[in-house]
Protein chains: 2
Amino acid sequence: MTRERSFWGWGYADRFPDTEARRGMAEHARGILGVGPLEVQEPPTLDSIRMPPSRIEPPPGLSAFVTSDRKERALHTYGRAYRDLLRAFRGDFTPAPDLVAHVRTEEDILAIFEWAKTEGITVIPFGGGTSVVGGVERPPSRSDSPVVSVNLRAMDRVLDVDVMSRAARIQAGATGPRLEEQLAPHGLTLRHFPQSFELSTLGGWIVTRAGGHFATLYTHIDDLVESVRMLTPRGVWESRRLPASGAGPSPDRLVLGSEGILGIVTEAWVRLQSRPRYRESATFHFASFESAVAAVRELSQSGLHPSNCRLLDAQEARINMVTGDGSSVLIVAFESADHPLGAWLDRAMEIASSHGGTCPRGPQRRTSGDRSADATADAWKSAFVDAPYLQSALVSLGVIADTFETACTWDRFDALHRAVREAVIGTARSWGASCSVSCRFTHVYPDGPAPYYTFVTVPPSPGGELEAWAKLKCAASDALIEHGATITHHHAVGRTHRPHYDRERPEPFAAALRAIKRELDPTAMLNPGVLIDP
Amino acid sequence: MTRERSFWGWGYADRFPDTEARRGMAEHARGILGVGPLEVQEPPTLDSIRMPPSRIEPPPGLSAFVTSDRKERALHTYGRAYRDLLRAFRGDFTPAPDLVAHVRTEEDILAIFEWAKTEGITVIPFGGGTSVVGGVERPPSRSDSPVVSVNLRAMDRVLDVDVMSRAARIQAGATGPRLEEQLAPHGLTLRHFPQSFELSTLGGWIVTRAGGHFATLYTHIDDLVESVRMLTPRGVWESRRLPASGAGPSPDRLVLGSEGILGIVTEAWVRLQSRPRYRESATFHFASFESAVAAVRELSQSGLHPSNCRLLDAQEARINMVTGDGSSVLIVAFESADHPLGAWLDRAMEIASSHGGTCPRGPQRRTSGDRSADATADAWKSAFVDAPYLQSALVSLGVIADTFETACTWDRFDALHRAVREAVIGTARSWGASCSVSCRFTHVYPDGPAPYYTFVTVPPSPGGELEAWAKLKCAASDALIEHGATITHHHAVGRTHRPHYDRERPEPFAAALRAIKRELDPTAMLNPGVLIDP
């Protein structure tokens, strides 16, 4: 019934390619990177991994939902960053939590808080476990103290649907597919599609400010939250359901992005949409990346609000098998439940062609039920969802493959883009490796894009992946911060981005966050080390 | 050169109608309210008002910009709420600040902080002074201690314009007209038009989460702020210019709505728009308010994003002289710098007529430079801007005339609307007065409207205005809170809304705000009593 999750890699265990398939991938990667043969290594088994025994037992009252099962502890040791995959692949489960709590109700969570308070236990909230920034692992500062990972996924129901206001009250542990399947009978959809959609949870999206792949207008989950309910060690934080308010600073905006340091989100009212009936899209090819960027800028400032406005540079288009002819590719799509979108797409096509974009396949128009596809857009979509699975496979070949993303104002993009590429390529070159760096825009705003970078390279020598990755990541992050960009548009801060986040955020704001933390979580039980030091 | 502000009433002194004109108004109001003759009273003079002497002298270093001038102190005693107008009209300037500082630079502000810290002085930031919630007056808790009102209006320059990203860095003291006149040469506009546009300031808008009269999509100033710079007693809080970020909770969102309790905003980068070239609008009449509400709901969920979507109920349409035939009137307008809007307005007209709306004058289409007008929309606009001037005149007749506003989800609107009307009308009826209560929607969202109410009545007997108003205001506020609405969509909390705000916001959020306040303003010098008690 329940499909098995990989205890070390991305997503479902059955998606990890077999040895034969990975041999083919190794050949392919070798061609791209111009390196010698890559060793196809086998993943760890539950028996082979290294994990210290649990330091604590659950009290009898909690044993119904708290476990020290080895596989459960393995599944909750890491998120799914490159660094996590690598450490897990090597069998290092040293930071495993001592216990895993599968909470079913708010009472279960309050019981954990009570117990944690008296016993000095560290509590790490856990949704889909897809953090790519070290957001759900035992912090080094608590290496010897007991840690409980609190998994919310049993709390996955849609509790209320308000069809008139198009909103629903949903439990925080619901994954994308789980909540969409419960909304579908009402003709409504949340339409929040982060890359981790199949695994990650509403609560996780809220505390990490997740970005959906609807690329303009409503991008972050922030825009979709109507109210939120969070349990803190000092009481219930529940905001009022409101379409908007001007009553003081928004309480919800302090929960959004709080990464589990202030409490555990248990449910939220979210804004829904009617299921779209009209769809129009077009894919444009541009000979130069610069022209494509100019077209995207004009589109982002046009007020047309496309549901998709993705730019892939030539390398990105090649990797994702969209086109191999060296063009940059721009996918523009409109969706509506209310009206046909001819006028919208026509104007978008005018803008794209005024910047030299061509549209070889012409506009694609679909109405509800029409399953004919825009092949380019669909090739990209499937590559998008599969990408994290590919990354896990590459780890087993000793290839370093990772992504990072940001946002900046338009005036800063050119210099940022050059600096980022030079930083990453130059770092790999320092040990003689070539490095593929590709860029796409996942989201665009009137005042700037959200560029997303993928890099693939090899370490100086097998086994040196972690150190090499750390150098690449730091070089890239330095370039972002030095060029006025953000350390993350939608991957959150966690523990990985801390040093650079600390350079980005206003110092009095950090002081404010620490003050709130002391107030609401005086024993500092909750997810210490992300965002701030307690 | 500088047009004189009224020291007691709304806006410019020359806009207060003479005795003759007010006699006519008294006759008109008498007809509507069915009361006996109203006494036309004369406004106070600067010599007649009661104001205690200043408790402090500025230190020599600050005397260049700090004054104890009587008129300056009078101008900074109150905001411009009904209650303020009434107290000022009666000559009660007891809570006047002891000094007024017209700061010219950040150094001036820091010097005030330093002085205030050592001398135990209360500092009240002051922009346009148009608060309608008691946001800029001496709090009762500081009735005997020295108070300095810090006026930011000398800091009114546009410092930087980034045309590519359509953004500008603007000083906090710039009023609407001041910042627009500096942006115009760049072909850009902020297009944030609160009712107080001609007087209020960017910094005031930010700390009160002001609502512009563009009615959907970008409504609050929140949406237009790219970054903000605030001086706190513990250092500079400056966020990075970013189109979007997912790095922790948004620092800007804690400044937005902070009402001067954490620091003084000195400048912000704001998002601009190109000046619109295309405009389409239509005015619909509905026989029933309920049908009009249903049309607005469908429009708000259509994804058409009109720039204006104002609903006036029959009484509101009558008062604003839009129509007197008992119809509810819906004004829908679209604007764009990029494309003609025929398809947008056509679909809006389909929606309106499917709910029984008629459009007697047909759609109005204007392109840049075309000054032909939609007469209905323009009648409404001019009434909108003049309304606060009218209120000051009504105060001089002993008429109680005030507004309050809110937002709620669609499913709650009907019950809320009934309850609000009954509460206000029933309260006036308790002393035998009739009461006009009208409603418009100033803003609409996919999940609910922002209803705005105007009430006009008379007190039990002349002189009883303040007590009668307090009963009406409390009855209305109780109804809002009890029916799941917010105490304010865009008028802020200040001191007037405190008791009801306290029932609305999550208690742990208030604890968080208090913790931040202690951290950033340890001597509690800044605007005590709004939002929280120190």
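In the list A:ALA515, A:ALA492, which residue meets the criterion of being under 21 Å from A:ILE206 (Cα atoms) and out of contact with any strand residue (DSSP E or B) (no Cβ under 6 Å at 6 or more places or on another chain)?
Of A:ALA515, A:ALA492, the one residue that is under 21 Å from A:ILE206 (Cα atoms) and out of contact with any strand residue (DSSP E or B) (no Cβ under 6 Å at 6 or more places or on another chain) is A:ALA492.
Here segment A:330-347 is the region considered, the condition is being touching a Ser or Thr at 6+ places or on another chain (Cβ under 9 Å) and under 28 Å from A:SER288 (Cβ atoms), and the residue that is nearest to the other protein chains (Cβ to nearest Cβ) is A:ARG347.
Looking at A:GLY120, A:GLY176, A:GLY187, just one residue is modelled with pLDDT of 95 or more, farther than 22 Å from A:ILE487 by Cα and within 14 Å of chain B (Cβ to nearest Cβ), and that residue is A:GLY187. Looking across B:THR496, B:THR442, B:THR454, B:THR427, one residue alone is more than 7 Å from chain A (Cβ to nearest Cβ), closer than 19 Å to B:TYR82 by Cβ and in a helix (DSSP H, G or I). It is B:THR427. Looking across segment B:272-282 at every residue that is touching an Asp or Glu at 6+ places or on another chain (Cβ under 6 Å) and part of a strand (DSSP E or B), the one that is farthest from the other protein chains (Cβ to nearest Cβ) is identified as B:SER281. Of all residues being without any contact (Cβ under 8 Å) to a residue 40 or more places away in the chain and more than 7 Å from chain B (Cβ to nearest Cβ) in segment A:232-252, which is nearest to the chain's Cα centre (by Cα)? Just the residue, please. The qualifying residue nearest to the chain's Cα centre (by Cα) is A:ASP252.
Can you name every residue in segment B:408-422 that is crowded, with 23+ Cβ neighbours inside 10 Å and either touching a Gly at 6+ places or on another chain (Cβ under 6 Å) or of a type in the set (S, T, N, Q) (or both)? B:CYS408, B:THR409, B:TRP410, listed by residue number. Looking across B:LEU311, B:LEU299, one residue alone is more than 21 Å from B:ASP222 (Cα to Cα) and assigned to a strand (DSSP E or B). It is B:LEU311.
Of all the helices (runs of 4 or more DSSP H) wholly in segment A:1-91, which have at least 1 residues that are without any contact (Cβ under 8 Å) to a residue 40 or more places away in the chain and within 22 Å of A:GLU465 (Cα to Cα)?
Per the criteria, A:19-33.
List the residue pairs whose Cβ atoms are under 8 Å apart, where the first residue sits in segment B:96-122 and is farther than 19 Å from B:VAL265 by Cβ, the second is part of a helix (DSSP H, G or I), and the two are 6 or more positions apart or on different chains. From residues that are farther than 19 Å from B:VAL265 by Cβ, the pairs are B:ALA96/B:ARG73; B:ALA96/B:ALA74; B:PRO97/B:ARG73; B:ASP98/B:ARG73; B:LEU99/B:ARG73; B:TRP115/B:LEU62; B:ILE121/B:TRP115. The C-beta contact set for segment A:129-143 (first residue farther than 20 Å from A:GLN195 by Cβ, second residue outside any loop (DSSP other than H, G, I, E, B) and not aliphatic (A, V, I, L, M), distance under 7 angstrom, 6+ apart or interchain) comprises A:ARG142/A:THR122. The condition of being of a type outside the set (D, E, K, R), under 22 Å from the mean Cα position of the chain (by Cα) and more than 21 Å from B:ALA387 (Cα to Cα) holds for only one of B:ALA88, B:ALA74, B:ALA81, B:ALA101, that being B:ALA74. Scanning segment A:468-486 for any residue that is assigned to a helix (DSSP H, G or I), touching a Pro at 6+ places or on another chain (Cβ under 6 Å) and surrounded by fewer than 22 Cβ atoms within 10 Å (Cβ to Cβ) turns up at least one such residue.
Of all the numbered requirements in (1) out of contact with any Gly (no Cβ under 9 Å at 6 or more places or on another chain); (2) surrounded by 24 or more Cβ atoms within 10 Å (Cβ to Cβ); (3) more than 10 Å from chain A (Cβ to nearest Cβ), B:TRP269 misses one, and that requirement is (3).
Selection of first residues in segment B:448-474 that are closer than 17 Å to B:HIS490 by Cβ and of second residues that are surrounded by 23 or more Cβ atoms within 10 Å (Cβ to Cβ) and acidic (Asp, Glu), restricted to Cβ pairs under 6 Å at least 6 apart or on distinct chains, gives the following pairs, ordered by first then second residue: B:TYR452/B:GLU405. With the requirement that a residue be away from chain B (no Cβ under 13 Å) and not in a strand (DSSP E or B), what does segment A:254-266 give you? Hits for segment A:254-266: nothing passes. Scanning segment A:384-424 for residues that are of a type in the set (D, E, K, R), more than 14 Å from every other protein chain (Cβ to nearest Cβ) and over 26 Å from A:PHE89 (Cα atoms) yields A:ARG418, A:ARG421, A:GLU422.
Of all residue pairs spaced 6 or more apart or on separate chains, those with beta-carbon atoms under 7 Å, a first member in segment B:391-416 that is without any contact (Cβ under 8 Å) to a residue 60 or more places away in the chain and a second member that is among the polar types (S, T, N, Q) and in a loop (DSSP other than H, G, I, E, B) are B:ASP411/A:SER165.
Select from segment B:499-532 the residues that are outside any helix (DSSP H, G or I) and without any contact (Cβ under 8 Å) to a residue 24 or more places away in the chain and write down the one among them that is farthest from the other protein chains (Cβ to nearest Cβ). Selected residue: B:ALA524.
When each of B:VAL148, B:VAL100, B:VAL123, B:VAL132 is tested for being buried (at least 21 other Cβ atoms within 10 Å of the Cβ) and either in contact with a Gly (Cβ under 7 Å, 6 or more places away or on another chain) or within 30 Å of B:PHE455 (Cα to Cα) (or both), the lone residue that passes is B:VAL132. Scanning segment A:457-485 for residues that are of a type in the set (A, V, I, L, M) and away from chain B (no Cβ under 14 Å) returns A:VAL458, A:LEU466, A:ALA468, A:ALA470, A:LEU472, A:ALA475, A:ALA476, A:ALA479.
If you check B:THR219, B:THR208, B:THR201 for being within 8 Å of chain A (Cβ to nearest Cβ), in contact (Cβ under 8 Å) with a residue 60 or more places away in the chain, within 24 Å of B:VAL163 (Cα to Cα) and buried (at least 24 other Cβ atoms within 10 Å of the Cβ), only one passes: B:THR219. Within segment A:288-297, if we keep just the residues that are surrounded by fewer than 24 Cβ atoms within 10 Å (Cβ to Cβ) and touching a His at 6+ places or on another chain (Cβ under 7 Å), the residue that is farthest from the other protein chains (Cβ to nearest Cβ) turns out to be A:SER291. Hey, any hits in segment A:155-172 for a residue that's crowded, with 22+ Cβ neighbours inside 10 Å, in contact with a helix residue (DSSP H, G or I) (Cβ under 9 Å, 6 or more places away or on another chain), in a loop (DSSP other than H, G, I, E, B) and more than 7 Å from chain B (Cβ to nearest Cβ)? So far as segment A:155-172 goes, yes, one or more of its residues are crowded, with 22+ Cβ neighbours inside 10 Å, in contact with a helix residue (DSSP H, G or I) (Cβ under 9 Å, 6 or more places away or on another chain), in a loop (DSSP other than H, G, I, E, B) and more than 7 Å from chain B (Cβ to nearest Cβ).
So which residues in segment A:1-31 are surrounded by fewer than 16 Cβ atoms within 10 Å (Cβ to Cβ), touching a strand residue (DSSP E or B) at 6+ places or on another chain (Cβ under 9 Å) and not charged (D, E, K, R), if there are any at all? Scanning segment A:1-31 gives A:TYR12, A:ALA13.
The values are calculated or read from the model by the stated rules, or taken from the named source; none is laboratory data. From a predicted model like this one, the values you see are computed outputs, not experimental measurements. Glycine gets a Cβ as well: all are built from the backbone with ideal geometry, and neighbour counts include every protein chain shown.
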